[in-house]
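We did not get these values from a lab; they are worked out from the coordinates using the rules stated. What you are looking at is a predicted structure, and each value in this text was computed from that prediction instead of being measured. Cβ placement follows ideal geometry from the backbone for every residue including glycine, while neighbour counts extend to all protein chains displayed.
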Ligand code: FAD
């Protein structure tokens, strides 16, 4: 039989593996297939991270991971037939693409007399399990979270499978081999790909930072979050393992609450697959945005992408994204708000750009977070909440440490000028051309946004 690994690329607390290995005398082949079509759509940093994860998983399996390349449906079924498998085990997928693919795989396997057994999920509680008492899914986070807490989640398995329990490798597709040999384009220290390193880093986070997480998590310069999102994206660790290590510790419940945001967005996407790219609140279809093809908007959008807006906190976030593939949550909110509410660009444009660059890019979390900022989502920020980039900067990066890390032009100026460098320019502390002037006037754009939101309310 086969364990088909997808978003559960680990040996510990892997329930698909457990199910396959539970049968007496089971001959189990772990299998992973790279889909070139999917890789094409994945950001370079994310696919490089995935290659690192697969390489390390294969190492953990003592080189027993069967590695394939091609369309997953055809490739998996051919492999199953080749080795005479009667069963394929996998962790259940909940994204629209994953579900469609699994339906096709299941059908083809069944036609060949092979069972396809799906179980567990990459979440604390499988999407679809928590529903309102009155019926239907939760559209607002807080009641969802309360219901999830009273439902409870399982503890992780305290076992890590012995690689010797798996059969020796019989397949190593040469393109998969070549792909794995490519060089990394991400910081391995910051984003470890090996499960034991991720868990080790997480334990250090619990020991040293969890107690002040609830406040510290808002400050982009203090490195006070777990930075575990890339590992969660590919299942190098299961959130159960993290919740278990965090629970009972000071700050633990705040941390687990954040993990539930990930669950929450997955259940929104499951129940409403169109919400990945369409406004959840249809009223927002009426909202007027600037014409994206118009030269001014195009050049402003380009400035946002490159971190050249003249608003240091926005530029720091965008440059962190370009340099590392990751951005702090506070900066994600600020940069997203700036694109939507200061530049009047539809949230979908920003969501797509983030997906093209994030190492942890995840359709459910990313696109629904963008909708949250736009105000069009389920649990949306009120439309009139428009982040002021200078005030956000002063509040969450008071000494300008984050800005100075990513906006090198401002590294040497006194911190009091760093949030709004116009004064530093006037005093000659930096040259006029060394850092861009603000591409828009926030106060003015805020007013335009409010008027457009008001008009939208009138139209509908
Ligand atoms: P921690 O603060 O240590 O949190 C632990 C984990 O909880 C995270 O790894 C994540 O899995 C989950 N989590 C925390 N906050 C959120 C949240 N608001 N929504 C969903 N899950 C959360 N997260 C992604 O994993 N992938 C994305 O593509 C993504 N895109 C985002 C886009 C925007 C515009 C915004 C505002 C947020 C986005 N997030 C995304 C959520 C959040 O920013 C990241 O999960 C977080 O910054 C990851 O860093 P961390 O692991 O250090 O987080």
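Please label the shape of the range 307-460 as rounded, prolate or oblate, based on the square roots a ≥ b ≥ c of the eigenvalues of the alpha-carbon gyration tensor (a/c under 1.5 means rounded; beyond that, a/b larger than b/c means prolate, else oblate).
Details: a/c = 2.31, a/b = 1.43, b/c = 1.62.
Because a/c hits 1.5 or more and a/b fails to exceed b/c, the range 307-460 counts as oblate.
What's the exposure ranking of 121, 167, 183, 221, going from fewest to most Cβ atoms within 10 Å? Write out the running numbers ahead of the final one.
Details: 121 22, 167 16, 183 6, 221 19.
Lowest to highest Cβ neighbour count: 183, 167, 221, 121.
Pull out the extension gain between residue 134 and residue 432, defined as 0.36 nm times the separation in residues minus the alpha carbon to alpha carbon distance; nm, one decimal.
Numbers: separation 298, 0.36 × 298 = 107.28 nm, distance 6.09 nm.
Result for the pair: 101.2 nm of gain on full extension.
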Check your understanding: How far apart, in nm, are the 7 Å Cα→Cβ label points at residue 415 and residue 253?
Key -> 3.3
Practice item. Kindly provide the helix-only [θ] at 222 nm of the chain, computed as the sum of -39,500 (n - 2.57) over DSSP H runs of four or more divided by all residues, to the nearest 500 deg cm²/dmol? Key: -14500 deg cm²/dmol
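Considering only DSSP beta bridges where both residues belong to the chain, give the percentage that are antiparallel (nearest 5).
In the chain, DSSP labels about 5 percent of beta bridges as antiparallel.
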Point to revise | Under the Debye formula (equal points on every Cα, no solvent term), log10 I(q)/I(0) of the range 135-186 at q = 0.20, 0.29, 0.32 Å⁻¹ | key: -0.83, -1.10, -1.11
Check your understanding: How big is the shadow of the Cα convex hull of the range 1-120, averaged over all directions, in nm²?
Key -> 7.2
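Would you kindly work out the equivalent ellipsoid of the chain from its C-alpha gyration tensor and give its semi-axes, the square roots of five times the eigenvalues, largest first in whole Å? Mind showing how you got there, number by number?
Numbers: eigenvalues 336, 119, 96 Å².
Computed over the chain, the values are 41, 24, 22 Å.
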Exercise for review: Considering Cα pairs under 8 angstrom that are at least six residues apart, work out the relative contact order of the chain and quote it in whole percent.
Suggested key: 17
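Assuming R0 = 25 Å, can you tell me the calculated FRET efficiency for the pair residue 405 and residue 352, based on Cβ-Cβ distance, to the nearest 0.05? Provide the component values of the computation, followed by the final result.
Values: r = 26 Å, r/R0 = 1.06.
Computed FRET efficiency for residue 405 and residue 352: 0.40.
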Practice item. Grab the alpha carbons of the range 181-314, take their convex hull, and tell me the volume per residue in Å³. Key: 195
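Note the direction-averaged projected area, equal to a quarter of the hull surface, for the Cα convex hull of the range 160-233, in nm². Show your work: numbers first, answer last.
Working: hull surface 29.3 nm².
Average projection, Cα convex hull of the range 160-233: 7.3 nm².
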Review point. Got a sec? Which residues in the range 376-396 would a label at residue 448 touch, if it sits 7 Å along Cα→Cβ and we count backbone N under 20 Å?
Key: 376, 383-391
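Neighbour counts of other C-beta atoms within 10 Å: give me 255, 289 arranged from fewest to most. Spell out each step's value before the answer.
On the way: 255 23, 289 15.
The fewest-first ordering by Cβ neighbours comes to 289, 255.
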Check your understanding: What is the order of 149, 210, fewest Cβ neighbours within 10 Å to most?
Key -> 149, 210
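Rounded to the nearest angstrom and ordered from largest down, what semi-axes does the equivalent ellipsoid of the range 250-331 get from its C-alpha gyration tensor (root of 5λ)?
Numbers: eigenvalues 165, 110, 21 Å².
In descending order, the three semi-axes are 29, 23, 10 Å.
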**Study point:** Cα-projected label distance for residue 391 with residue 155, points at 7 Å along beta-carbon direction, nm
**Key:** 4.7
Exercise for review: Please compute P(r) over all alpha-carbon pairs of the range 309-391, binned at 5 Å starting from zero, and give each bin as a whole-number percent.
Suggested key: 3, 16, 29, 28, 17, 6, 0
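At a Förster radius of 60 Å, what calculated FRET efficiency corresponds to the Cβ-Cβ distance of residue 292 and residue 164, to the nearest 0.05? Walk me through the intermediate numbers first.
Numbers: r = 56 Å, r/R0 = 0.93.
According to the calculation, E is roughly 0.60.
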Check your understanding: What is the range 232-374's relative contact order, in percent, from Cα pairs under 8 angstrom and six or more apart in sequence?
Key -> 24
